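Bear in mind these aren't lab numbers, they're just calculated from the coordinates by the rules spelled out. All figures in this text were calculated on a predicted structure; none of them were measured in a lab. Note that each Cβ is placed from the backbone with ideal geometry, even for glycine, and that neighbours are counted across all protein chains shown.
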Amino acid sequence: MGSDRRAAILLDTIRQHADFISQTLPSSVEAYMEDQTRRLAIERGLQVAIEALVDLAALVWSKRQEGAPQDDEGIIRGLARIGVLSGTDAESLSDLRRFRNVLVHQYAALDHARVFSHAHRAPEAARRLGAHLLKGLPS
């Protein structure tokens with residue numbers, strides 16, 4: 001699969017999951033807490049959107065032939081260093097990546113109020129970051 005096609009698929013995944021979260025998230029944390037099915041779906045939507053963002057960042061890094069980073073954080077810092085991401089956007093992506101790790105590895109002890117809070121901010125951030133990363137792909 002070519003990098004342009006892969007990037008388009010990742011961006012579409014980000015947008016679809018961001019839209020799902022925006023449309024599904026209730027207006028109150030109490031309503032969020034009461035509906036386990038919705039809560040689990042939103043958690044999964046967050047996880048997939050964030051993973052797609054991190055994958056898109058890695059694709060941009062790879063296609064720009066910037067060398068081998070040690071890890072995802074190295075890619076994010078590197079993209080900020082070369083101007084693909086602003087410092088603010090790099091910090092936002094790092095925050096989302098760390099939160100994805102919480103979703104995946106601390107699922108038994110999730111702070112649902114924290115997930116709810118992230119779910120309010122994440123869709124807009126994911127769309128914005130995805131668009132910025134896409135612009136960073138070399139022609």
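When you filter the GluC sites (Glu not before Pro) in the range 38-139 for DSSP loop state and at most 16 other Cβ atoms inside 10 Å of their Cβ, you are left with Glu66. Note on the chain: dipole from Cβ charges, positive end direction compared against Thr88, Leu25, Pro138; the farthest Cα belongs to Pro138. The magnitude of the dipole of the range 25-92, with charges of +1 and -1 set on the Cβ of Lys/Arg and Asp/Glu and taken from the Cα centre, is near 280 debye. Put a plus charge on the Cβ of each Lys and Arg, a minus charge on the Cβ of each Asp and Glu, and nothing anywhere else: the dipole of the chain about its Cα centre is then about 380 debye. The length gained by stretching the chain between Asp12 and Lys135 to full extension, at 0.36 nm per residue less their Cα-Cα distance, is 42.8 nm. Once the Cβ-Cβ distance of Lys63 and Met33 is raised to the sixth power relative to R0 = 35 Å, the FRET efficiency obtained is 0.25. For the chain, the percent of C-alpha pairs falling in each 5 Å distance bin, counted from 0 to the bin holding the largest distance, reads 2, 11, 22, 21, 19, 12, 8, 4, 2, 0.
Summing +1 for each Lys or Arg and -1 for each Asp or Glu among the other residues whose beta-carbon sits under 13 angstrom from that of Ala122 gives +4.
Span-like helix criteria (full DSSP H runs; alpha carbon extent of at least 24 Å along the helix axis; mean Kyte-Doolittle hydropathy of at least 0.0) are satisfied in the chain by 36-63. How many angstrom separate the Cα center of the range 93-135 from the Cα center of the range 1-77? Distance between centres, Cα-based: 8 Å. Estimated purely from DSSP H runs of n ≥ 4, each contributing -39500 (n - 2.57), the mean residue ellipticity at 222 nm for the chain is -26500 deg cm²/dmol once divided by its residues.
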